[in-house]
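First the structure, in the form of structure tokens, and then the observations on it.
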Amino acid sequence: MSGGHHYGDVVTFQCSSGFVPVGSSERTCQADQTWSGTDFSCHGPCPGEYIRFKGTCLKFSDDKQTYQGANDSCWERGDGGKLVVIKTQEMNDFIETNLRNMGRNDSDGKTWIGLDNLTDHENFVWSDGSALDYQNWAPDQPSIGTEQCVEILPQEHYKWNNIPCNDSNYYICQKGTSVGSAWEM
């Protein structure tokens, strides 16, 4: 937010028509010249079968693929999607809730996420190239060896497990949304 505001000033933001607000639409200027709440932005709608989680769109597959097949399928679903990158407990909980609601609650519901050690055999890296910060491994995981790709295991309370990449699992695609303009009211 730009200058001209003083301690105690309240600003309210809104989005252009067709865009969804994300963050705090009302913020207050604090004594230290920062703003209360979370950054505000406007995001376009999710396409087709995708559902929104904050500023991103997720698609839970109906088919099973190998890890590479799932990666390719996410890319082909339009505009360069990728396997999901889970950076927070909140996002992990959102995914778990959706998997439970879909009835994926046993070993048949195993689901690929965008985490592997295919390029860096020492470390697991997300499909967007970012480092592994948030983790939700099942007990005794990750294991060492030829198990380079990561799945969600419903039968282990939706914890993560690394397995060989040629197994066939459901998968979750992720793509960003277009960002629209926000203005102060």
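The values are calculated or read from the model by the stated rules, or taken from the named source; none is laboratory data. Predicted, not measured: the structure shown is a model, and the values here were computed from it. No Cβ is skipped: glycine too gets one built from the backbone with ideal geometry, and neighbour counts run over all protein chains shown.
Listed values, structure above:
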{"quantity": "Any pair with Cβ under 9 angstrom, 6 or more apart, that starts in the range 3-28 at a residue that is free of Cβ contacts under 8 Å to residues at least 40 places away in the same chain and more than 30 Å from Cys46 (Cα to Cα) and ends at one that is outside any loop (DSSP other than H, G, I, E, B) and of a type in the set (Lys, Arg)", "calculated": "Val10/Arg27"}
{"quantity": "Some residue of the range 163-177 being modelled with pLDDT under 90, surrounded by 14 or more Cβ atoms within 10 Å (Cβ to Cβ), touching a strand residue (DSSP E or B) at 6+ places or on another chain (Cβ under 7 Å) and farther than 18 Å from Ser61 by Cα", "calculated": "yes"}
{"quantity": "Qualifying positions in the range 93-130 - within 14 Å of the chain's Cα centre (by Cα) and over 19 Å from Pro154 (Cα atoms)", "calculated": "Trp126, Ser127, Asp128, Gly129, Ser130"}
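Here's the yes/no breakdown for (1) assigned by TED's automatic domain parsing to the domain that holds Asn117; (2) modelled with pLDDT under 85; (3) among the aromatic types (Phe, Trp, Tyr):
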| position | (1), (2), (3) |
| --- | --- |
| Cys15 | no, yes, no |
| Ser24 | no, yes, no |
| Thr28 | no, no, no |
| Thr38 | no, yes, no |
| Arg77 | yes, yes, no |
| Lys87 | yes, no, no |
| Met91 | yes, no, no |
| Ile95 | yes, no, no |
